[in-house]
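What follows is a set of notes on a single structure, which appears directly below.
The values are calculated or read from the model by the stated rules, or taken from the named source; none is laboratory data. The model shown is predicted, which means the values in this text are computed figures rather than measured ones. Because the Cβ atoms are built from the backbone with ideal geometry, glycine has one as well, and the counts that use them run over all protein chains shown. Keep in mind that these areas ignore ligands, DNA and RNA; they rest on the heavy atoms of the full protein, side chains included. Shrake-Rupley method; radii C 1.70, N 1.55, O 1.52, S 1.80 Å.
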Amino acid sequence: MGEATHNDAKLVVLGIETSCDETAAAVVERLSEARGRILSNVVRSQLAEHRAYGGVVPEIAARAHVSCLDHIIRTALSEADLGLKDMDGIAATAGPGLIGGVLVGLSTAKALALATGKPLMAVNHLEAHALTPGLTEGLAPPYLLLLVSGGHTQLVAVEGLAHYRRYGTTIDDALGEAFDKTAKLLDLGYPGGPAVEAEARLGDAGRFDFPRPMKGREGCHFSFSGLKTAVRLAAERLQPLKAGDVADICAAFEAAVCDTVSDRVSHAMARFAGEHPGLEDRVLVIAGGVAANRALRARLAETGAAHGFRLIAPPVALCTDNAAMVAWAGAERLAAGLTDPLDVVARARWPLDGEAEAAPFAGVKA
Ligand code: KG4
Ligand code: ZN
């Protein structure tokens, strides 16, 4: 591949993202390692299609991707003022995610790669989140990543391209899921994170003493189901809920989340610092939809400072699901010569660190 395997290769890549409820396409130019530019970034959210069900319905998501992906790709190319012929490669999320949706995006990318003869990059969605700070902040690994979204809650040491170590994951609910379930219980609509945050700002966090799951325990794993149960019991006890009750529950929930996450992240920072003794610029990156939460950001900035880490949060539009991150991860892979054959498979499950120990009790829902 000559020039393409050179680490400073300049490359333009089309990225496609369809693993959950966003249909997205983007064109990104890689200037050199950890330096890039977004030429276009088109995201169509399916919130309206799923709202009535209070969560993402996989079959509806897959059909919605089918009906609009071609148009979104055309829009991304035209906004970048480029054609398929100008691309150096085609990247798509190949997992983990809702398999019907992943298949839509990956099959489309394969068809484009076959038709144009361009290389295909099958991108791990978690790797795309993990590498985003390279695109947005010019940050090169190693750094510590906290990924908190509707589907994932992970602490990962990003050591380099294709080299990740998972320190911790959730043994039950994802953090975004905990926000969404709390919102549903309190009739705040879907998705719940922003609504819970807005209510929390009006409430008194001291009124309820919710549990801080895993706080003080060794390691970096998370659990949120006990907190969810405590919220449900408090809400049931106070029926019918008044506006002040809802705000106080949200405030107490958010305070419990901040304490728990801060504790888990402290453990991860101590481990990361121990494993990178000579590293001067220690960075904690937060990504995923929950990274939009201001109380959590403020708390993590404090926790980071106490451990000698600076906090980086990419712009919210690039923290949540998008295709610019997929194009960027694809470009980094292409530059390293990591391309995929046209028979690469879509994967519903695809851990970033295949060697990570399973979390104790993982998959057990309370
Ligand atoms: O990364 P994302 O857009 O999609 C995936 O799940 O992949 O994350 C969505 C999640 C939802 O659970 C949503 O409730 C949560 O992020 N979220 C928030 C906030 N904004 C979005 N959670 C807490 N506070 C927020 N401000
Ligand atoms: Zn995501």
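Confirm whether Ile286 is within 16 Å of ligand 1 (Cβ to nearest atom), touching a Ser or Thr at 6+ places or on another chain (Cβ under 8 Å) and modelled with pLDDT of 95 or more. Spelling it out, it is not the case that Ile286 is within 16 Å of ligand 1 (Cβ to nearest atom), touching a Ser or Thr at 6+ places or on another chain (Cβ under 8 Å) and modelled with pLDDT of 95 or more.
Scanning region 182-204 for residues that are of a type outside the set (Gly, Ala, Ser) and either open to solvent by less than 40 Å² (accessible area, probe 1.4 Å) or near ligand 1 (Cβ under 9 Å from one of its atoms) (or both) gives Thr182, Leu186, Tyr190, Pro191, Pro194, Val196, Glu197.
Is region 116-133 home to any residue that is within 16 Å of ligand 1 (Cβ to nearest atom), closer than 30 Å to Val283 by Cα and not in a helix (DSSP H, G or I)? Among the residues of region 116-133, at least one is within 16 Å of ligand 1 (Cβ to nearest atom), closer than 30 Å to Val283 by Cα and not in a helix (DSSP H, G or I), which makes the answer yes.
Listed by position, the strands (runs of 3 or more DSSP E) enclosed by region 1-109 that each have at least 3 residues that are among the β-branched types (Val, Ile, Thr) are 11-17, 22-32, 35-45. The test for being farther than 25 Å from Val56 by Cα and not in a helix (DSSP H, G or I) does not hold for Arg201. Here Arg217 meets each of (1) over 22 Å from Ala305 (Cα atoms); (2) free of Cβ contacts under 8 Å to residues at least 40 places away in the same chain; (3) not small (Gly, Ala, Ser) with one exception, condition (1). Only residues that are under 17 Å from Glu127 (Cα atoms) and either charged (D, E, K, R) or open to solvent by less than 50 Å² (accessible area, probe 1.4 Å) (or both) were counted across region 345-366, and they come to 7. Of His267, His221, His276, all but one fail to be closer than 18 Å to Ala130 by Cβ and away from ligand 2 (no atom under 16 Å from the Cβ); the exception is His276. The sole residue among Thr116, Thr108 that is polar (S, T, N, Q), open to solvent by 40 Å² or more (accessible area, probe 1.4 Å) and touching a residue at least 12 places away in the same chain (Cβ under 8 Å) is Thr116. Considering only residues in region 153-163 that are surrounded by 24 or more Cβ atoms within 10 Å (Cβ to Cβ) and not β-branched (Val, Ile, Thr), the one that is nearest to ligand 1 (Cβ to nearest atom) turns out to be Gln154. The single condition among (1) assigned to a loop (DSSP other than H, G, I, E, B); (2) touching a Ser or Thr at 6+ places or on another chain (Cβ under 6 Å) that Val196 does not meet is (1).
For region 76-99: of the residues being within 24 Å of the chain's Cα centre (by Cα) and open to solvent by 30 Å² or more (accessible area, probe 1.4 Å), which is farthest from Asp343 (Cα to Cα)? Filtering first and then ranking leaves Leu98.
Contact annotation: residue pairs with Cβ atoms under 7 Å, 6 or more positions apart or on different chains, pairing a residue in region 311-327 that is under 21 Å from Asn124 (Cβ atoms) and within 10 Å of ligand 1 (Cβ to nearest atom) with a partner that is open to solvent by less than 10 Å² (accessible area, probe 1.4 Å) and of a type in the set (Asp, Glu), are Asp321/Glu17; Asn322/Glu17.
Please go through region 134-147 and pick out each residue that is surrounded by fewer than 23 Cβ atoms within 10 Å (Cβ to Cβ) and assigned to a helix (DSSP H, G or I).
Thr136, Glu137
Just the residues that are closer than 17 Å to Leu147 by Cα and outside the structural domain of Lys118 (by TED's automatic domain parsing), please, taken from region 321-353. Of everything in region 321-353, those that are closer than 17 Å to Leu147 by Cα and outside the structural domain of Lys118 (by TED's automatic domain parsing) turn out to be Arg349, Trp350, Pro351, Leu352, Asp353.
Among residues that are part of a helix (DSSP H, G or I) and either of a type in the set (Lys, Arg) or within 16 Å of ligand 1 (Cβ to nearest atom) (or both), Ala295 is included. The residues of region 1-51 that are hydroxyl-bearing (Ser, Thr, Tyr), at pLDDT 90 or above and farther than 13 Å from Glu79 by Cβ, listed by number, are Thr18, Ser19, Thr23, Ser45.
Here's the yes/no breakdown for (1) in a helix (DSSP H, G or I); (2) modelled with pLDDT under 95:
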position	(1), (2)
Asp209	no, no
Lys215	no, yes
Ala234	yes, no
Phe253	yes, no
His267	yes, no
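Somewhere in region 281-292, is a residue in contact (Cβ under 8 Å) with a residue 12 or more places away in the chain, more than 16 Å from ligand 2 (Cβ to nearest atom) and open to solvent by 50 Å² or more (accessible area, probe 1.4 Å)? Yes, that holds for at least one residue.
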